[in-house]
Amino acid sequence: MNATKRAGLVGVTGYTGMELTRLLAGHEGIELVRATSRSEAGKPLSAIYPFLQGTKLAGLTITQPDIADLRENCDIVFLAVPHATAMDMAGQLLDAGARVVDLSADFRLRDPAVYQTWYKHEHSRTDILPQAVYGLVELYREDVRKARLVANPGCYPTSSILALYPALAEGLVETDDIVIDAKSGATGAGRKASLGSLFCEVSDTFRAYNLGKHRHTPEIEQEVSRIVGQDILLSFNTHLLPINRGILSTIYTRLKKPVDLAAVRAAYEKHYAGEAWVRLLPAGALPETRFVRGTMFCDIGLVTDPRTGRLIILSAIDNLCRGASGQALANANLMLGLPENMGLNLAPMVP
Ligand SMILES: NC(=O)C1=CN([C@@H]2O[C@H](COP(=O)(O)OP(=O)(O)OC[C@H]3O[C@@H](n4cnc5c(N)ncnc54)[C@H](OP(=O)(O)O)[C@@H]3O)[C@@H](O)[C@H]2O)C=CC1
Ligand SMILES: CC(=O)N[C@@H](CCC(=O)OP(=O)(O)O)C(=O)O
């Protein structure tokens, strides 16, 4: 077994930072040695997160984000900070020889002009952009192993790309008629105070937002286009669910020719053979957010509708675990030469 690796976490007070502490508290190969926050520095981690009492992380003192300190003391650094904030930090850490898993969107889009259009921010580190590996292990596992900079995928893109991959790779569906109808729990919006995230604004209601203009659209298009080797434009639409965690995506596609469900299922079984975290549900079963809560699973359900010639693909993930911090940890495991699933053999918390 390799010696324990040292990790730093920038942005421990956010929801993805919080989720990383939950996962690292029980990790046997990675020791969290730095956890930073501008607002809570000086406090022990258990003072802001009582759920960590009794774990190996309880006594860790939160520090101010300090790049020099991080690069001196950490083998790998998780950046769990807002987009546009991460790019310079990542660059400085990389320049000093550290490995970085960036949970923000800053290194996901290969074309900086596309980034600027959708994120309204000029990319300041286009020099290291080509080094970034898109950290979706089912597609890029071998590249992640060698990477020094991983762009951790977005939560909605994780759910959408995993759902579409086999259907596109096998050429089962038309590429000009894909509609993604995605719904996320409220932790997807982050932990900072905002009117739209207040309890009375989220509970007991259900609303759509950012239809036709969500910033995850180019990220999904980039990756599905690579699968088929041609540019795909798709319709991606988002909704806010009155739950804490979870994303359910319902994806409407059109079959190129009539295909029965068994043949579609065979394509998914082929592409996800040996992938422990993608669960193709039995025919007739449909994914639910509660059955993936707190885990790395992506549950996929398939429905063919012969009347309209549609293949409807459903996928459920936990946005904080599979869609962010768990996926970041899987990438870190690979980058550090540890087993990909170390600390991630998690069963869903039910009911
Ligand atoms: N929530 C989700 O489901 C997902 C989130 N992501 C992405 O992960 C990243 C983190 O998300 P999330 O945890 O939800 O965000 P939050 O808003 O909950 O937390 C942001 C964190 O970043 C820190 N921070 C903010 N600005 C700076 C700065 N200038 N320098 C240093 N630290 C800073 C804050 O700490 P403090 O103010 O205490 O310093 C806080 O801990 C984002 O890029 C987000 O888009 C990706 C996938 C899913
Ligand atoms: C419910 C909600 O508001 N979700 C966020 C997406 C989650 C996220 O964190 O975006 P990244 O994965 O790109 O970092 C949104 O729609 O903007």
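Some notes on this structure:
- Cross-chain or 6+ apart pairs with Cβ under 8 Å, region 244-272 first and in contact (Cβ under 8 Å) with a residue 24 or more places away in the chain, then open to solvent by 80 Å² or more (accessible area, probe 1.4 Å) and of a type outside the set (A, V, I, L, M, F, W, C): Gly246/Arg290; Pro258/Pro306
- Considering region 3-16, and only residues there that are more than 12 Å from ligand 1 (Cβ to nearest atom) and open to solvent by 30 Å² or more (accessible area, probe 1.4 Å), the residue that is nearest to Asn73 (Cα to Cα) turns out to be Arg6.
- Only one entry in Ser160, Ser194 is polar (S, T, N, Q) and surrounded by fewer than 16 Cβ atoms within 10 Å (Cβ to Cβ), namely Ser194.
- Sole exception among (1) out of contact with any helix residue (DSSP H, G or I) (no Cβ under 8 Å at 6 or more places or on another chain); (2) more than 16 Å from ligand 1 (Cβ to nearest atom) for Ala58, by number: (1)
- Inspection of region 30-48 finds a residue satisfying the criterion of being part of a helix (DSSP H, G or I), within 15 Å of ligand 1 (Cβ to nearest atom) and touching a helix residue (DSSP H, G or I) at 6+ places or on another chain (Cβ under 8 Å).
- Restricting attention to region 172-193 and to residues that are small (Gly, Ala, Ser) and within 9 Å of ligand 1 (Cβ to nearest atom), the residue that is farthest from Ala263 (Cα to Cα) turns out to be Gly190.
- When residues in region 78-106 are screened for being within 12 Å of ligand 1 (Cβ to nearest atom) and either farther than 17 Å from Ala330 by Cβ or of a type in the set (A, V, I, L, M) (or both), 17 of them pass.
- For region 49-101, the set of residues classified as assigned to a helix (DSSP H, G or I), in contact (Cβ under 8 Å) with a residue 40 or more places away in the chain and surrounded by fewer than 17 Cβ atoms within 10 Å (Cβ to Cβ) consists of Asn73 only.
- Residue in region 17-35 that is more than 23 Å from Gly294 (Cα to Cα) and open to solvent by less than 60 Å² (accessible area, probe 1.4 Å) present: yes
- Test: residue in region 216-236 that is without any contact (Cβ under 8 Å) to a residue 60 or more places away in the chain, closer than 22 Å to Arg322 by Cβ, open to solvent by 60 Å² or more (accessible area, probe 1.4 Å) and more than 16 Å from ligand 2 (Cβ to nearest atom): yes
- Out of Leu162, Leu136, Leu168, Leu149, sole residue that is closer than 13 Å to Val224 by Cβ, touching a helix residue (DSSP H, G or I) at 6+ places or on another chain (Cβ under 7 Å) and outside the structural domain of His214 (by TED's automatic domain parsing): Leu136
The values are calculated or read from the model by the stated rules, or taken from the named source; none is laboratory data. For clarity, every value in this text was computed on a predicted model and none was experimentally measured. Counting neighbours? That spans all protein chains shown, and the Cβs are built from the backbone with ideal geometry, glycine included. Note: accessible area is taken over every heavy atom of the protein model, side chains too, but ligands, DNA and RNA are not part of it. Shrake-Rupley method; radii C 1.70, N 1.55, O 1.52, S 1.80 Å.
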